Amino acid sequence: MLQVTTIEKEFERCVEGLKKRGIKDAEILLKDILKLDGSRKAIQGELDDVLHKSNKLAKEIGQLFKQGKKDEAEKIKSETSELKQKSKALGEELNAIEVSLTKLLYNIPNIPNETVPAGQSDEDNEVIKLSDDNIPDLGTNKKPHWDLIEEYDIIDFELGNKVTGAGFPFYKKQGARLVRGMINYFLDKASEAGYEEVQPPVVINEASGLGTGQLPDKEGQMYHMEANDQYLIPTAEVPITNMYRDVILKEDQLPIKHAGHTPCFRREAGSWGSHVRGLNRLHQFDKVEIVQVVEPSKSYEELDGMVAHVEGLIQSLDLPYRILRLCAGDLGFTSAITYDFEVYSAAQEKWLEVSSVSNFETYQANRLKLRIKNSEGKKVLAHTLNGSALALPRIIAAILENNQADDHIKMPEVLHAYLGFKEIRKD
């Protein structure tokens with residue numbers, strides 16, 4: 001979340017940044033926060049004075065008892081009793097204000113980086129790179145992946161619907177091996193790039209969801225287990241980043257780089273149509289995530305490295321792709337800047353999003369209380385970053401569609417050793 005000190009010192013920048021996101025009453029909202037924080041400071045100051053006076057009187061009472069001045073001590077004790085009641089009331093008032101202030105801050109998104117373009121929808125996103133034209137010409141007999149997976153019997157949506165519900169497919173035969181092989185390939189490439197592999201839990205508590213900003217913003221999109229107040233993760237970013245909640249790191253520990261594979265769970269409110277058919281939108285899917293915790297001065301350099309890493313993965317799969325810088329209106333709640341990667345699906349004749357790479361600057365770290373103790377001994381908030389490297393379903397959809405032939409589907413060469421086969425054929 002935003003720091004109150006940032007709002008105070010950079011008020012105009014914060015107002016303009018929120019307006020860029022489409023928040024029209026940004027100035028009023030931020031002034032309310034500063035006003036509430038002013039009340040918090042005033043009450044905190046009054047409480048500190050009462051506690052100081054109470055402690056001072058307690059020492060006087062002790063001295064009077066030692067001197068045998070019991071009557072004077074008893075007289076002062078009645079005064080401390082009044083102070084104790086006053087400090088209790090002030091403490092309750094302070095707590096109520098702090099709760100209200102935190103609630104307001106939790107519901108304000110991050111300020112976009114100055115390079116983020118203005119705009120209110122995905123139509124306003126900026127294409128910053130388009131790969132060389134390697135879009136295959138599939139002719140008139142091209143088939144979308146939902147027809148191919150049925151023809152080659154590698155994914156079963158009906159069985160998933162029977163066992164669980166829509167959006168939970170069964171991968172089988174070469175389809176299952178394709179998922180496993182791609183996960184291993186992406187993890188190996190992350191390891192080569194210096195990311196330490198972790199396999200985190202896929203269930204989180206409320207504090208973790210609040211820490212990385214999924215709560216309260218995306219509460220309706222997460223699967224919630226009410227019996228024990230826990231959530232299924234929407235991405236490995238959440239448990240991996242929360243490894244460092246309430247942690248103070250030393251400079252020589254940075255950058256921290258982790259990669260992890262998990263299933264991801266999202267209650268997508270899907271609609272009918274080809275854009276949500278087949279693998280285009282699922283409630284459960286596999287993804288390899290890369291996460292970094294870095295010094296603020298180096299976060300944009302690391303962001304460039306993460307973008308290059310994801311681009312290299314897509315290039316190695318020989319898929320047509322483009323990179324977009326998201327506009328402010330399409331930016332994720334917690335992000336300061338996000339680059340989306342899309343691959344071209346030749347049978348559907350559309351671009352499919354397969355990765356987002358984001359810098360959150362101090363937004364998550366402030367929620368997490370994730371700090372760095374620098375060489376001067378000063379504690380500062382870290383910067384956190386994450387990216388999909390990669391999400392599998394739409395990558396699989398594009399591989400199947402773009403590499404289809406009359407009687408087989410070719411697999412990318414880099415996957416051959418991971419799959420144990422070079423093409424998918426019918427049994």
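The values are calculated or read from the model by the stated rules, or taken from the named source; none is laboratory data. None of the values given here were measured: they were computed from a predicted structure. Cβ: placed from backbone, ideal geometry, glycine included. Neighbour counts: every protein chain shown. The protein model used for the area step is the full one, side chains on, heavy atoms only, and it has no ligands, DNA or RNA in it. Shrake-Rupley method; radii C 1.70, N 1.55, O 1.52, S 1.80 Å.
What to note about this one:
- Positive-pole candidate from Leu319, Leu187, Leu249, dipole of the chain, charges at beta carbon: Leu249
- What the Cα atoms of segment 342-427 give is an Rg and a Dmax of 21.0, 66 Å.
- Cα-Cα over 28 Å, subset of Lys218/Lys287; Lys129/Lys379; Lys56/Lys103: Lys129/Lys379; Lys56/Lys103
- Hull volume in cubic angstrom per residue (convex hull over the Cα atoms of segment 1-149): 228
- Estimated 222 nm signal from helices in the chain, with DSSP H stretches of n ≥ 4 weighted -39500 (n - 2.57), rounded to 500: -13500 deg cm²/dmol
- Formal net charge of residues neighbouring Asp229 (Cβ-Cβ distance under 14 Å; K, R +1; D, E -1): -3
- Translational diffusion coefficient (Stokes-Einstein; Kirkwood radius from C-alpha pairs) of segment 86-154 at 37 °C, 0.692 mPa s, in µm²/s: 172
- Solvent-accessible area of His52 with every protein chain in place, 1.4 Å probe, in Å² to the nearest 10: 130
- Per residue Cα convex hull volume in Å³ - calculated over segment 65-204: 380
- Only Lys, Arg (+1) and Asp, Glu (-1) charged, at Cβ; segment 7-157 dipole about Cα centre in debye: 1860
- Here the Gaussian network model covers the chain, with springs between Cα atoms less than 10 Å apart; of Tyr339, Tyr152, Tyr363, Tyr152 fluctuates the most.
- The share of accessible area on the chain that comes from carbon and sulfur is 46 percent, using a 1.4 angstrom probe.
- Comparing segment 216-344 with the 2.2 N^0.38 Å rule of thumb, its C-alpha radius of gyration ratio is 1.20 (two decimals).
- Loop-resident GluC sites (Glu not before Pro) (DSSP state other than H, G, I, E or B) in segment 291-352 with no more than 16 further Cβ atoms inside 10 Å of their Cβ: Glu349.
- Put simply, the Cα atoms of the chain extend 103, 44, 43 Å along their principal axes, the longest span coming first.
- The alpha-carbon of Lys70 sits under 20 angstrom from the alpha-carbons of these aspartates and glutamates, leaving out residues fewer than 8 places away in its chain: Glu60, Glu79, Glu82.
- Computed over segment 1-54, Cα set: Rg, Dmax in Å: 14.8, 49
- A 1.4 Å probe run over the protein chains yields, for the chain, 50 Å² of accessible area per residue, whole-number rounding.
- Solvent-accessible ranking of Lys287, Lys84, largest area first, probe 1.4 Å: Lys84, Lys287
- Segment Asp48-Glu192, length gained on full extension (0.36 nm per residue, minus Cα span): 46.5 nm
- Listed peptides 417-425, 312-320 by packing density, highest first (mean Cβ within 10 Å): 312-320, 417-425
- Whole-number D in µm² s⁻¹ for segment 299-384, Kirkwood Cα-pair radius fed into Stokes-Einstein, 10 °C, 1.306 mPa s: 108
- For Lys422, the aspartates and glutamates whose Cα falls under 19 Å of its own Cα, not counting residues fewer than eight places away in the same chain, are Glu151, Asp153, Asp318, Glu401, Asp406, Asp407, Glu413.
- Given charges at Cβ of Lys, Arg, Asp, Glu: the chain dipole, positive-most of Ile7, Leu148, Val343: Ile7
- Note on Ala118/Asn95: beta-carbon distance plugged into 1/(1 + (r/R0)^6) with R0 of 41 Å gives a FRET efficiency of 0.55.
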